[in-house]
1. Students sometimes get this wrong: rank PHE243, PHE518 by accessible area, probe 1.4 Å, all chains present, largest first.
2. Taking the chain as the reference, fit the longest principal axis to its C-alpha atoms, fit the long axis of helix 511-524 to the helix C-alpha atoms, and give the angle between the two in degrees, 0 to 90, nearest 10.
3. Taking 0.36 nm per intervening residue step and subtracting the Cα-Cα distance, what contour gain separates ILE387 from ILE485 on full extension?
4. Counting only other residues whose beta carbon sits under 12 Å from that of LEU413, what net charge do I get with K and R as +1, D and E as -1?
5. Charges only on Cβ, +1 for Lys and Arg, -1 for Asp and Glu: so what's the dipole of the range 51-200 about the Cα centre, in debye to the nearest 20?
6. With point charges of +1 on the Cβ of Lys and Arg and -1 on the Cβ of Asp and Glu, referenced to the Cα centre of the chain, which listed residue (LEU60, SER443, GLY325) lies farthest in the positive direction of the dipole?
7. For a quick protection proxy, order the peptides 218-227, 439-448 by their average other-Cβ count within 10 Å, most packed first.
8. I need the semi-axes of the equivalent ellipsoid of the chain: take the C-alpha gyration tensor, multiply each eigenvalue by 5, square-root it, list largest first in whole angstrom.
Amino acid sequence: RMQNSRSKPCSCPSLKLREVASMYFTMVAAFLVILVVALQGSVPRESDFPYKVPLDPQGLLELSWNVSYPEQAVHFQLLIRELQFGLLFGMSDRGEFENADLAVLWSDGHNSYFGDAWSDARGQLHMDSQQDYQLLGARRAPEGLYLLFRRAFSTCDPKDYLIEDGTVHLIYGILEKPVHSLQAINISALHGGLQRVQLLKPNVSIPELPSDMKTMEITAPDIVIPSQETTYWCYMAELPAGFPKHHIVMYEPVVTAGNEALVHHMEVFQCAAEFDSFPHYNGPCDSKMKPDRLNYCRHVLAAWAMGAQAFYYPEEAGLAFGGPGSSRYLRLEIHYHNPLVFQGRRDSSGIRLYYTATLRRYDAGIMELGLVYTPVMAIPPGEDNFILTGYCTDKCTQLALPAAGIRIFASQLHTHLAGRKVVTVLSRDGRERQVVNADGHYSPHFQEIRMLKEVVAVFPGDELITTCTYNTEDRSRATVGGFGILEEMCVNYVHYYPQTQLELCKSAVDPGYLHRYFNLVNRFNDEEICMCPQVSVPQQFYSIPWNTFNRDVLKSLYSFAPISMHCNKSSAVRFPGEWEKQPLPRITERLPEPIPRCPPTPGPHPAAPVPLNLGQLRRD
């Protein structure tokens, strides 16, 4: 700066540069002001933003969005019903306010500004030197203020979040007092929260629906939502007597108006056909009054989570229900998330099934991939990313799949509370070929059946390898595999056609090799641990002193020891063959990591906020 002041004005090239820059910024500002003014009167059609989710439990902030794959960008429309002095909206790895990528609207009480910012590890806000949340306009309406902005999937800015397939943790914070600068915003004092969504919805064309389609609503019977933060509600429904075989071709949520922010997710399960009847029940799923027989209603017919839309089956397939060999009993399960502990809210939410008597060419099937529910697969405590892998081997697909193969069109990933990432990869002849489904920001609190961007063909001899990453930093003892919520799972329920007899294709480490591991640990350990056969596997894991050696040897064991394969029919009987002590599939060629595509930069983006004319904002 000092050099510039001493140089001759007439020969100073930086002056011209400054003039150009100044003109450029003035034009940008003018363009934005024109754009904002132009948008004051124009109402974007709802169809412009097909996806919608409430951000906060009261429904004061409503986010709508659309995805442009040609532009590799997301367009957001944020409705703020009661604007105070602005808000923060953004994304972070798991919903933290630290190390977050944020779009911020703030006001000092007179002037309002919009800018792209980031927070550091202490939660301090900084204006981003590269402004990648691009404001497209702001508009007042009777229902509140609409803010429109866009963001590229990938910006190649190290301070920005990379928007990928799978779950995105959105965060919001409401500014209740005027602030004089971005840096003056104190994140810890904000009224805020997080919402999980799948931002990058697949661009799947909607198949033609049959003319004889009928609907059936499986809904809660006008219940009172309990006044507690978390409730799982179970309700038993029944198909009419003599209901013949039909195909479900689509389903969609039915959410009671006013409860959009409370109904977190819903599932419809079909009960096991071996029982003639099931007791009627309408109450919390964890109640002591719930009949045990309801635990035999586990076959998923439909699953919906907040932010998801209707689910369509491919034109050539439908999900069979009704008819002989199929139970008439269905269980609806609704997860209510009520952090503000509203009292007396009535609800009749559920799922609407669309079905046809004109059966499609194929029955759709659901197959379980991943790990068997067994304590032999365990995660030591204090791990930030411990990996477990479950295999569906070439030997099993060779035996159980038809010569023409199967087509996977949807997938539901599942772990318990320690799960952080899940991915299933298809491999053929030792070479990884295709990702079936991946979620690098997976949350056990957000599980939905997701339609795949492209159908995955699986042939006899292919392998399906499912890998789960866990975090047990908050645990003091080992976490074993099992059904309990503090035990772990690693599952991908894949939806495919044509249906085969193969219902479960999963693995676990060979128990004999695990026993050798326990013996080895015992030999290296100072105090005797009882590794006797009469002590259960969980108890043996719980008594291990988790030093680096014991951790590394367990990791190593899981990466080389032979496996016990479960290649099972729907009757839970294995296909005939030798399934114990099977060698781990060898992968000789891995898929390359995807390289983020950087958008072309249209000249310098000023690291300055955009002024907005929103008039005087309210003071309470």
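The values are calculated or read from the model by the stated rules, or taken from the named source; none is laboratory data. Computed from a predicted model, the values in this text were never measured in an experiment. All Cβ positions, even for glycine, are placed from backbone atoms using ideal geometry, and neighbour counts span all protein chains on display. Ligands, DNA and RNA are excluded from the accessible area calculation, which covers all protein heavy atoms including side chains. Shrake-Rupley method; radii C 1.70, N 1.55, O 1.52, S 1.80 Å.
1. Numbers: PHE243 30, PHE518 5 Å².
Most to least solvent-accessible, the answer reads PHE243, PHE518.
2. The two axes meet at around 70 degrees.
3. Details: separation 98, 0.36 × 98 = 35.28 nm, distance 1.86 nm.
Extending this stretch completely gives an extra 33.4 nm.
4. Details: positive: ARG420, LYS421, ARG450; negative: ASP165, GLU368, ASP439, GLU448.
Counting the neighbours of LEU413, the net charge comes to -1.
5. Values: 11 positive and 19 negative charges, 81 e Å.
Value, rounded to 20: 380 debye.
6. Value computed over the given set: LEU60.
7. 439-448, 218-227
8. Values: eigenvalues 433, 203, 124 Å².
Sorted largest first and rounded, they come to 47, 32, 25 Å.
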